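Derivation of every value follows stated rules applied to the coordinates shown; laboratory data play no part. Keep in mind it's a predicted model, so treat the numbers as computed, not measured. Cβ sites come from the backbone with ideal geometry, for glycine too, and all protein chains shown count toward neighbours.
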Amino acid sequence: MENLKEETKIKAFLTRIKAEWPGVVERFEFKTGSVIYVHLKEGISSMDFLGKLSRQVERFVDFSMPIILYHIESDGMNLRSHPINWYSSITQGKSF
């Protein structure tokens with residue numbers, strides 16, 4: 001049940017990304033539960049998109065599951081990864 005809630009929150013997170021940058025994201029493709037390809041529209045640089053997203057992503061994240069977004073330019077030549085919550089499962093299990 002918890003996993004279903006996390007998946008719903010991740011889909012809402014992706015919807016917010018698409019709404020925040022209209023005309024930038026072509027589509028999202030789930031490769032696994034934690035690996036998501038972000039296909040960018042023609043003329044959109046994955047480096048620019050990563051820079052914009054990394055500055056604002058914290059206000060969109062409301063889930064704890066670790067995921068990796070791979071930003072892919074329309075020509076398929078550039079691919080950049082962006083881990084989100086990647087260390088959350090490690091830090092949740094440790095007490096200090």
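General remarks:
- Net length gained if the chain between residue 48 and residue 15 were fully extended (0.36 nm per residue, minus Cα distance): 10.0 nm
- Within the range 32-90, the trypsin sites (Lys or Arg not before Pro) that combine a DSSP coil assignment with at most 15 other C-beta atoms in a 10 angstrom radius are 41.
- Listed values (i) 21; (ii) 27; (iii) 31, entry calculated as percent of Cα pairs over 22 Å apart: (ii)
- From helices alone, the chain scores -11500 deg cm²/dmol at 222 nm; the rule is -39500 (n - 2.57) for each run of n ≥ 4 DSSP H residues, then divide by the residue total.
- Dipole moment magnitude, nearest 20 debye, the chain about Cα centre, only Lys, Arg, Asp, Glu C-beta charged: 240 debye
- The count of lysine pairs in the chain with alpha-carbon distances below 16 Å, taking only pairs 8 or more places apart or on different chains, stands at 5.
- For the range 1-43, the ratio of Cα radius of gyration to the globular rule of thumb 2.2 N^0.38 Å stands at 1.25.
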